[in-house]
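Encoded as C-alpha cells, the structure appears first; notes follow it.
The values are calculated or read from the model by the stated rules, or taken from the named source; none is laboratory data. Since the structure is predicted, the reported quantities are computational estimates derived from the model, not experimental observations. Note that each Cβ is placed from the backbone with ideal geometry, even for glycine, and that neighbours are counted across all protein chains shown.
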Amino acid sequence: MISSARRRVLWFILFVALVLTACEAVEATPAPRATWTPRAITTVVIAPEPTVPPTATPESSPTPLVVAKSNAPVSTGTNPPAATAPGATAPGSAPKPAGAIPQVPVNDPLLPKFAAFPPLPIPARPANLNPLTGLQADPAMLQRRPIVARIGNDQKVRTSFWQAGTNSADLVFEELIDILGSAYAQTRYSAVYLSNDPPLIGPIRSGRIINFQMVAMLDGALANAGASNGTRWLFSQSPMINLDEYFNMPAYCYNKSHGYQGRLYTTAPRIREWLQKKGWEASVPLYGFTFAERVTGGQPIASVGMSKLPWPSWSQATWRYDAASGRYLRFNSGEPQMDNSYTVTAKWGNGADCIPTSKEVMTQVSTANVVVLYARHEKTSIIEDSNNAVSVYIPLTGQGDAQIFRDGVMLAGKWQRRSEQEFFKFTDANGNVIPLKPGNTWFEIVPVGYQLDLK
C-alpha cells in the first residue's frame, strides 16, 4: 500500500515530466537530414491538407487542362508510409488514415535521385561574382545556403495585401499547381535568395513535388507552409533542408487577418538566424549559369504573355520589355503587378504576430531575364487540399524546348539537365550556350506545346 505522502511525490514527478515534454514540443525539431540511398518503388499517403478550407473563389473555377502523358512505368505497392518529420527517413508501412482516398502508386521519376553535391566541378570565378545573377555581390553573402521560399500567387494576395520579396530574389520559378476537376487551380512561386536579405518574404505557402528539383540544384533550404501528406512524405526522402512551418514555427510570423492565403510570412534575416541555430547554415558551392552583357541575333519581342489556356485566367501575366531600363515589367490583367516591402518584428514563437515597423514600399515586379521552360505536366493522385485538387508532376531533367527573353529579343533553344542537382544549361540549334543577361531571372514553367502570347 503506497502512503499518501509518497503518492503525492509520484504525482509531482509525473507532472514535472509532462511539463518538460510540453516545453520540448514548442519547438518541434526535425530529425537529422537523411542521406539518399536508392530504394524500391513504393506508395505515398493521400489525405486532404487540413489547413486549407474549401473555397468558392475564382481560383477554383474550371478551365480546360492540357496534360502531357508520360511513358514512365508505374508500380503499385502496399499500404503507404506515414508522413514523417522533414529530413527524417520514412518509417515502414502504416494504415491509411480515416477519410483517405485509395493509395497512389508513385512513378519512379517522382522519387529524388540525389548523389554527392556538387555534382560537377565548380567553374573558376571571382569570389564576389554571384553565380545566380552574374552580378557583383558581397563575397560573405555568397558564402551561404540559398533560401528557397514558396510564395503564394492567389488573386486575393495580389490585390489585397500583395506579395513581398519577389523583387529581391535572385531567381523566381513560377509553375502551375494542382489540378481541380479539369483545370489548374493556380500558379505559385519559388523565390531564391542568396545575395539579398529582404525584410519581408511572403505570403509563404505550401510546397509541391517540383521543389525537389529546384532545392536540389541549390542544396538550399525550403521555406514552406507544409504540404499534403503525400508531398511531405516525398520531402522526407530527400536530404534537402525542409523548413516546414509545422516543425519550424519560430522561423515564421503570422498576419491572421489575411486569411489562409496570406497568413504566413518570414524575413530573410530570421531564416538565417534559424538556420544558424539548427546548424544548417553552410557555404554551398554553386555551379551557376552562364552570363554575357550582350548577345547577337534573336527575334525582337516586346511582350511575353501567359494569357491562354490552360493558364488560369486569374493568374494570366504579361512581361513587357522596358527599353529605358533594359528590364521586363510584369503585369496581371493589364495592371502592374506590385511587390510590397516593409520591415517587421515578432516574438518569433509559435503563432507570433508579424508587427510592422516601417512604411510599405511598393515597386513593380521586374526582371532582367524571362526564361520559358517547356516540360511535361502529369496528373498524379496526391490530394493537395480539401477541394480534392491533385498534385502535378513536372519532370525537369533531360531536355526540352526553351525560350530566353533578354534585351527585348527572344533566343530559342533547348534546356538541358542530367540530374536534379545540376543547373540548367541553355543551348541554341548549333549547340552553342545561350547566356543570360546579368541580373535576376524569372523562370516560367509551361506545358509542352503551350502557346505564348508574343508581340
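Among all residues of region 412-429, there is at least one that is in contact (Cβ under 8 Å) with a residue 12 or more places away in the chain, assigned to a loop (DSSP other than H, G, I, E, B) and within 20 Å of Q299 (Cα to Cα). Taking the stated definitions as given, is A169 closer than 24 Å to L309 by Cβ, surrounded by 24 or more Cβ atoms within 10 Å (Cβ to Cβ), of a type in the set (A, V, I, L, M, F, W, C) and touching a Pro at 6+ places or on another chain (Cβ under 9 Å)? Judged against the criteria, A169 is not a match.
Among the conditions (1) touching a residue at least 60 places away in the same chain (Cβ under 8 Å); (2) touching a Leu at 6+ places or on another chain (Cβ under 7 Å); (3) assigned to a strand (DSSP E or B), the only one that G400 does not satisfy is (1). Filtered by the rule that a residue be under 25 Å from S283 (Cβ atoms) and among the small types (G, A, S), region 146-167 gives A149, G165.
When the test is whether a residue is of a type in the set (D, E), in contact with a strand residue (DSSP E or B) (Cβ under 9 Å, 6 or more places away or on another chain), in contact (Cβ under 8 Å) with a residue 12 or more places away in the chain and surrounded by 19 or more Cβ atoms within 10 Å (Cβ to Cβ), E245 passes it.
Figure legend. Inter-residue proximity from region 250-262: first residues of a type in the set (S, T, Y), second residues modelled with pLDDT under 80, beta-carbon distance below 8 Å, spacing 6+ or different chains. Indicated pairs: Y260/T51; Y260/V52; Y260/P53.
A quick yes/no check of all residues on (1) crowded, with 19+ Cβ neighbours inside 10 Å; (2) part of a strand (DSSP E or B); (3) of a type in the set (F, W, Y); (4) touching a Gly at 6+ places or on another chain (Cβ under 9 Å):
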{"position": "A116", "(1), (2), (3), (4)": "no, no, no, no"}
{"position": "L120", "(1), (2), (3), (4)": "no, no, no, no"}
{"position": "T133", "(1), (2), (3), (4)": "yes, no, no, yes"}
{"position": "L176", "(1), (2), (3), (4)": "yes, yes, no, no"}
{"position": "I179", "(1), (2), (3), (4)": "yes, yes, no, no"}
{"position": "V192", "(1), (2), (3), (4)": "yes, yes, no, yes"}
{"position": "S195", "(1), (2), (3), (4)": "yes, no, no, no"}
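Against the test of being closer than 26 Å to P239 by Cα, in contact with a helix residue (DSSP H, G or I) (Cβ under 7 Å, 6 or more places away or on another chain), without any contact (Cβ under 8 Å) to a residue 60 or more places away in the chain and among the β-branched types (V, I, T), the options I151, I201, I147, I209 yield a single qualifying residue, I151. Considering region 299-315, the residues that are modelled with pLDDT of 95 or more and in a loop (DSSP other than H, G, I, E, B) include one that is surrounded by the most Cβ atoms within 10 Å (Cβ to Cβ), namely I301. Cβ-Cβ distances below 6 Å connect the following pairs, each with a first residue in region 351-379 that is closer than 17 Å to D322 by Cα, a second residue that is in a loop (DSSP other than H, G, I, E, B), and a separation of six or more residues or different chains: V365/Q337; T367/N440; A368/K437; A368/G439; A368/N440; N369/K437.
Restricting attention to region 264-285, the residues that are part of a loop (DSSP other than H, G, I, E, B), buried (at least 22 other Cβ atoms within 10 Å of the Cβ) and not polar (S, T, N, Q) add up to 0.
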